[in-house]
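A quick write-up on the structure given underneath.
Rule-based calculations on the coordinates, nothing more; no lab input. Since we're looking at a predicted model, the values are computed, not measured. Here the Cβ is made from the backbone with ideal geometry for all residues, glycine too, and neighbour counts use every protein chain on show.
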Amino acid sequence: MSSPDDKVLIERGPEGAAAVGPIDRLLNLCRKHSLWYLLFGTACCAIELMQTGGPRTDTDRFGMVFRPTPRQADCLILAGTISYKMARRIRRLYDQMAEPKYVIAMGSCANTGGLFQASYAVVNGGDLIVPVDVYLPGCPCRPESLAEGLLLVQKIIEREHWLKKAWGKTPDPVDPWPESARGECKA
Ligand code: SF4
């Protein structure tokens, strides 16, 4: 029987179940279902981030839980307006996270500076500080949208080849956003 993560077979027997597949895929299967995000926010979108962890969206069911330290977090969510004062702190938190790590820009302020982009004190987009993997629109960005963004990060993880990179082999060219995955963010 094939799992949703293609190329990984799950065999069930009287003694239990066994997963068989390329080790990259098995690792990715574990990593994508244990995505821990940093408990961090800079403005009002952070309230929506807190709500996303609540019972209605319940990210725990995807294996996603918040961590209060960057050293145990895989995912940095830029939740809110980013002032120049906070930009250096954000970069430091990002640098303290271990690889592989992912960044979500949550809401208009984190994407472009939002309605404060003309301010002398506001950074016009989180990608000026750290590399962003997923951009989520909205002011505020709703919990449903953030949940969709976290699922998109899972899709990126699914397609990675960390062991091939570690062994010095050239990984297959991977399009992180193949045709089949485009247009899926409906929130
Ligand atoms: S996008 Fe809107 S809700 Fe989010 S931090 Fe900016 S002003 Fe606040």
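In terms of packing, defined here as the mean over residues of other Cβ atoms within 10 angstrom, the peptides 89-97, 137-145 line up highest first as 137-145, 89-97. Where Lys and Arg each count +1 and Asp and Glu each count -1, what net charge lies around residue 51 among other residues with Cβ under 15 Å from its Cβ? So the surrounding residues net to -3. Rounded to the nearest Hz, the phi-derived 3J(HN,Hα) couplings of the stretch 51-66 under the Karplus curve 6.51 cos²θ - 1.76 cosθ + 1.60 (θ = phi - 60°) are 5, 4, x, x, x, 6, 8, 6, 5, 4, 5, 9, x, 9, 10, 7, where x marks glycine and proline. Answer rounded, prolate or oblate for the stretch 49-99, using the Cα gyration tensor with square roots of eigenvalues a ≥ b ≥ c: rounded when a/c is under 1.5, else prolate when a/b is larger than b/c, else oblate. Here the stretch 49-99 falls in the oblate category. Put simply, when 30-42, 107-119 are sorted by average Cβ atoms within 10 angstrom per residue, most first, you get 107-119, 30-42.
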